[in-house]
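The values are calculated or read from the model by the stated rules, or taken from the named source; none is laboratory data. From a predicted model like this one, the values you see are computed outputs, not experimental measurements. Note that each Cβ is placed from the backbone with ideal geometry, even for glycine, and that neighbours are counted across all protein chains shown. For accessibility, only protein heavy atoms count, side chains too; no ligands or nucleic acids. Shrake-Rupley method; radii C 1.70, N 1.55, O 1.52, S 1.80 Å.
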Amino acid sequence: MGPAVLRGQTLVGAAVPPVSAEITTPAAAAAGGVLACPALTLDYYQAVMTSAAVLCSAGGRTGHLPSICRVRGIPVLIFGPAELAALTPGTPVLVDPAAGTVTRLEPGADPGRAAAPARPRLPAGLAPVEAVIAASADIAAINRSAVAPLVESFFMREEFAWTADAAGRTGGTRLDEPAAITARLRAEITGLLAGLAAGQRLTFRLLDLRSDEAAALGLAVSGPASEPNPELGLHGARRIAADPGYQHAIGELMARPEAGPVTFSIPFINDEHELDDLFSKLRVADPRRWGVFVETPAAVDRLPQLLDRGISVVNVGTKDLVQFLLAADRGNHAVARFYDTRHPAVMNALTAISARCAGYDTTLRIFTLGSDLDYYRSRLPGGTRFMLCTSELLQLSPPP
C-alpha cells in the first residue's frame, strides 16, 4: 500500500488550512473531495472547481488552471505518478498544503485538528490593490472582508467566463456566434459591476484562449485547431486581430457601452502596431477606456509607444513575463527551479516598466504571488500598485 504519508510539493495554497476528505477522480468527482488527476488541464475544470483540494503529477505553479485555483483558494499539490496512482478513489486522506503532504487515514478515523498555518499580515502602507477574480462571488467575498478598504479595482479575465460556460454552468454559449458573445459579455460585465462598492473599478481583460485550451473546452475559435507550440501561437491580441466575428462582437459591446467604471484590457500584445490595428478593427473611439496587459519582453521595450496611444491602465502579467524572459514553461514542473519570479532579469524588467510609466496619466498594476509581495515591495518604487488573487488577499489579516 505504500507509506502512510506522501511528501510532495505545494503548487498553490501553502497558506490554506488542511483538508480532510476522500480521494475522487475526474470521472467521479464529488463536491468537497480531494481530486487526484494526472495534470492540471482545462478539460478537468468542472471536477477541479467542485473539489476541496487537488493532487496532480504534472503542472506548474502559474499554469492556467492552477491560477484559477489560486483565485478560488483551492490548494494544489504535485506528486510523482506512482505516488498519485497509489491513492485509490474512496481513500480518506488529510491534505496539508503547508507541509506539502498527504496522509492516508483509516476509514472512519478522526483526522484530528491539524493546525492551520499562521495568516500572513497585511503589510502596513500597502498601496491600493487590484483583486484578481474568477466570478462575481469573489467581489462579494472581498467586500465583506477586512481587506475591502484596500481594494480599488477587480480584474477579470474573459476566458474565465467561457471556461465556466463550457463546463455547463451558464449555458454553453459558442465563441463563433458574435451576437451571443456580445450578449454574454454584457451580462457578465453587468453582473460584475453590480457588486462594486463606491469608488471601485473593474478591469475586464479580453479573450486570451490558446488553441489547445479551446480544444479542451470544445469551443469554436478562428485559426488552426492545433498548433505545435500554443503558448507562442495564435492567442491574445493575435487571435482577436484574426477573428472578425469576435471583433464585431466587441465592437457592438463598445457601441452600447455598459454604464460604470470598467476598463477593457488587451492581452498578449507586443507593440504599438498591433494596438493600432486592434483599435481600428474594434472601432475604438476612446482609448482611455482601454488598457494593455504587458507580458512579453517586446511589450516591455515598446511600452512608451503603447502609452502614447492614450491607454489608461497597464497591467503586468508577471506569470507569462517570467516564462518568456527565462525560457521556462510556467506549466511544467520539470523546469520549476528555472521559473524564478525573483530573478534579476525579472526585477530589471519590472523596474523598467515602472520607470516607463512615470510621467504618463496611466495606472500601473503588477501581478504578484502572495509569497512575492514583500520582496517586490522592497525592490520596486514606493507606492507601486499590485494585483493579488482573491484567496491570497482574503488570507491576509489586518496589521496589529
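If you filter the stretch 142-156 down to residues that are open to solvent by less than 30 Å² (accessible area, probe 1.4 Å) and in contact with a Pro (Cβ under 9 Å, 6 or more places away or on another chain), you find that the one that is farthest from residue 181 (Cα to Cα) is 147. If you go through the stretch 137-167 and keep only what is touching a residue at least 40 places away in the same chain (Cβ under 8 Å) and assigned to a loop (DSSP other than H, G, I, E, B), you end up with 145, 146, 147, 167.
Taken together, the residues in the stretch 238-290 that are of a type outside the set (Val, Ile, Thr) and farther than 18 Å from residue 156 by Cβ amount to 31. Scanning the stretch 214-253 for residues that are among the charged types (D, E, K, R), closer than 30 Å to residue 285 by Cβ and in a loop (DSSP other than H, G, I, E, B) yields a count of 1. Across the stretch 343-381, the number of residues qualifying as open to solvent by less than 10 Å² (accessible area, probe 1.4 Å) and polar (S, T, N, Q) comes to 1. In the stretch 181-225, the qualifying residues are those that are farther than 16 Å from residue 156 by Cα and either free of Cβ contacts under 8 Å to residues at least 12 places away in the same chain or touching a Pro at 6+ places or on another chain (Cβ under 6 Å) (or both), and the one that is least open to solvent (accessible area, probe 1.4 Å) is 211.
Please specify each residue of the stretch 57-77 satisfying the condition of being crowded, with 23+ Cβ neighbours inside 10 Å and over 24 Å from residue 324 (Cβ atoms). The answer is 74, 75, 77.
Remark: pairs (first residue in the stretch 301-327, hydrophobic (A, V, I, L, M, F, W, C) and part of a loop (DSSP other than H, G, I, E, B); second residue at pLDDT 95 or above and open to solvent by less than 10 Å² (accessible area, probe 1.4 Å); Cβ separation under 6 Å; 6+ apart in sequence or on different chains) = 311/290; 311/291; 311/292.
The single condition among (1) closer than 23 Å to residue 139 by Cα; (2) buried (at least 24 other Cβ atoms within 10 Å of the Cβ) that residue 15 does not satisfy is (2).
Out of everything in the stretch 259-290 that is of a type in the set (A, V, I, L, M, F, W, C) and open to solvent by 60 Å² or more (accessible area, probe 1.4 Å), what residue ends up being farthest from residue 201 (Cα to Cα)? Give the steps one after another, and end with the answer.
Filtering the stretch 259-290 for residues of a type in the set (A, V, I, L, M, F, W, C) gives 259, 262, 264, 266, 268-269, 275, 278-279, 282, 284-285, 290.
Keeping just the survivors that are open to solvent by 60 Å² or more (accessible area, probe 1.4 Å) gives 259, 285.
On the way: 259: 12, 285: 20 Å.
Only one residue fits best here, namely 285.
Here the condition is being farther than 25 Å from residue 130 by Cα and either surrounded by 15 or more Cβ atoms within 10 Å (Cβ to Cβ) or modelled with pLDDT of 95 or more (or both); of 243, 301, 340, 320, it holds for 243 alone. The criterion of at least 2 residues that are closer than 27 Å to residue 136 by Cα, in contact (Cβ under 8 Å) with a residue 60 or more places away in the chain and touching a strand residue (DSSP E or B) at 6+ places or on another chain (Cβ under 8 Å) is met, among strands (runs of 3 or more DSSP E) falling completely within the stretch 23-88, by 76-78.
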